[in-house]
Structures are given as structure tokens and as C-alpha cells.
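Scroll down for the structure; my scribbles are underneath it.
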Amino acid sequence: MTTAIIIIAVVAVAAVAAFFLLRGRTAGGRGLRGRFGPEYDRVVARHGGDTTAAEQELGERVKRHGHLDVRPLTEEARARYAARWASAQELFVESPERSLTEADALLADLSRERGFPGGEDFRDRTDAISVHHAAHVDGYRRVHAARRGDVSTEEMREALVEARGLFDVLLADGSSGHEHSNSHLVKGRGTS
């Protein structure tokens with residue numbers, strides 16, 4: 001009789017532990033999915049649908065870059081970056097490739113000045129940005145990839161418009177805010 005009670009107690013404790021373990025894992029996935037949004041889906045796809053591997057990668061990003069010391073911009077720096085972005089957009093009419101190259105360099109400079117990783121490692125920089133601005137990091141990736149000009153002019157224009165969202169949040173003092181609109185970005189010249 002005592003052995004049966006002990007076995008039942010052990011099974012009950014194991015069942016409760018398994019329930020909470022699985023519940024915690026599911027909540028962690030929902031938490032990462034909520035935090036990263038489309039970036040979560042992109043990483044899952046890159047891992048061939050393996051959510052465990054994707055969540056491990058995203059969890060590591062949060063550990064590495066979650067406590068970034070984001071530095072404010074001076075008004076002079078903010079004006080300088082705004083002028084550079086306006087020039088990059090104006091350059092699009094003449095040379096979409098050069099426009100995207102300038103936007104790519106500008107986003108690298110701006111993110112570095114705000115406290116994100118610098119250097120030549122684009123992936124490390126975008127990983128860090130994804131922790132804080134997951135909704136906007138893909139625009140940066142699209143500009144970085146499209147600047148080579150192996151996509152249509154319309155795709156380059158769309159990449160620049162999408163990257164504007166990241167520019168806006170990096171330019172703002174807080175973690176969000178869209179002080180500028182995309183409405184004056186010139187439509188593409190057709191396709192290349």
C-alpha cells in the first residue's frame with residue numbers, strides 16, 4: 001500500500017513538473033514571437049522550421065544585445081542624419097544603386113552612434129537591432145542586399161521606403177516614433 005502511494009505521488013509530481021515545463025516553453029515561444037514578430041518567422045524559416053533552434057538563437061540575441069546602452073543624439077547629429085537621408089532619397093532618381101549604398105552606410109553610422117555594434121559585421125549589427133527594433137530591421141537588410149542593383153528599380157524603391165522606418169526610430173529619442181513620412185520618396189523609374 002505504501003509503495004503504491006509513493007508511486008502515485010512520484011507520477012503526480014512528474015506530471016505537474018512536465019505540465020509547467022511545457023507551459024513555460026510555450027510561453028517563452030509566444031514571448032519571443034511577440035517580441036520579434038516577422039523576425040521570429042524569418043529565423044524559424046532559416047532554421048528549416050525548427051522552432052527550438054530559432055528560439056535558442058533569438059534568446060541568445062536577447063542575452064547578447066538586450067541591455068544595449070542606447071545613446072541619445074545631439075540636435076546637430078539628428079539634423080546631419082536627416083539631411084543625409086534626404087540626400088540619399090534625392091539621389092534615388094539619378095542612381096538607385098548609389099542611393100541605397102548611401103542609405104546602407106547612413107544606417108550603419110546612425111546605429112553605431114546610437115550604441116549598436118559597429119565594425120564590419122553586418123549580421124551582428126542587424127541581430128542587435130532586431131532585439132530593439134524587430135519590426136524595422138528587415139528594411140535595413142533589404143537595402144543592404146538591394147544596393148548591388150541586382151533587383152528591379154521598384155524593389156530598390158520599396159527597400160528604401162521600408163528602411164525609412166528603421167531610420168525614423170533610430171533618429172527619434174525613444175524606441176519608436178515616426179517623425180518623417182515616406183510620401184516624398186520618388187517613385188521608381190520602372191524596372192532595371
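The values are calculated or read from the model by the stated rules, or taken from the named source; none is laboratory data. Bear in mind the structure is a predicted one, so any value in this text is a computation, not a measurement. Positions of Cβ are generated from backbone atoms using ideal geometry, with glycine treated the same way; all protein chains shown enter the neighbour counts. For accessibility, only protein heavy atoms count, side chains too; no ligands or nucleic acids. Shrake-Rupley method; radii C 1.70, N 1.55, O 1.52, S 1.80 Å.
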Next item on the list: Test each condition in (1) crowded, with 20+ Cβ neighbours inside 10 Å; (2) over 12 Å from the mean Cα position of the chain (by Cα); (3) of a type outside the set (G, A, S) for I129 and report the one that comes out false.
Entry: (2)
Notebook entry, point to check: Take the residues of the range 69-89 that are part of a loop (DSSP other than H, G, I, E, B) and closer than 17 Å to L107 by Cα: which is nearest to the chain's Cα centre (by Cα)?
Noted result: V70
Next item on the list: Out of the residues in the range 40-49 that are open to solvent by less than 70 Å² (accessible area, probe 1.4 Å) and not in a helix (DSSP H, G or I), state the one that is nearest to H132 (Cα to Cα).
Entry: H47
Check: Does the range 55-68 hold any residues that are of a type in the set (G, A, S) and part of a helix (DSSP H, G or I), and which are they?
Finding: G59
Note to self: Return the residues of the range 44-68 that are of a type in the set (A, V, I, L, M) and under 15 Å from the mean Cα position of the chain (by Cα); say none if nothing qualifies.
What the structure shows: V44, A54, L58, V62, L68
Notebook entry, point to check: Only one residue in T74, T153, T101 is surrounded by fewer than 17 Cβ atoms within 10 Å (Cβ to Cβ) and more than 29 Å from G31 (Cβ to Cβ), so which one is that?
Noted result: T74
Check: Of the residues that sit in the range 132-150 and are open to solvent by 10 Å² or more (accessible area, probe 1.4 Å) and part of a helix (DSSP H, G or I), which one is farthest from A88 (Cα to Cα)?
Finding: H132
Note to self: Let me confirm something: among T26, T52, T3, which residue is among the β-branched types (V, I, T), open to solvent by 50 Å² or more (accessible area, probe 1.4 Å), at pLDDT 85 or above and assigned to a helix (DSSP H, G or I)?
What the structure shows: T52
Checklist line | Residue among R148, R142 that alone is charged (D, E, K, R) and touching a helix residue (DSSP H, G or I) at 6+ places or on another chain (Cβ under 7 Å) | finding: R142
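This table checks each residue for (1) at pLDDT 95 or above; (2) under 16 Å from F167 (Cα atoms).
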{"residue": "V70", "(1), (2)": "no, yes"}
{"residue": "S99", "(1), (2)": "yes, yes"}
{"residue": "G115", "(1), (2)": "no, yes"}
{"residue": "E120", "(1), (2)": "no, no"}
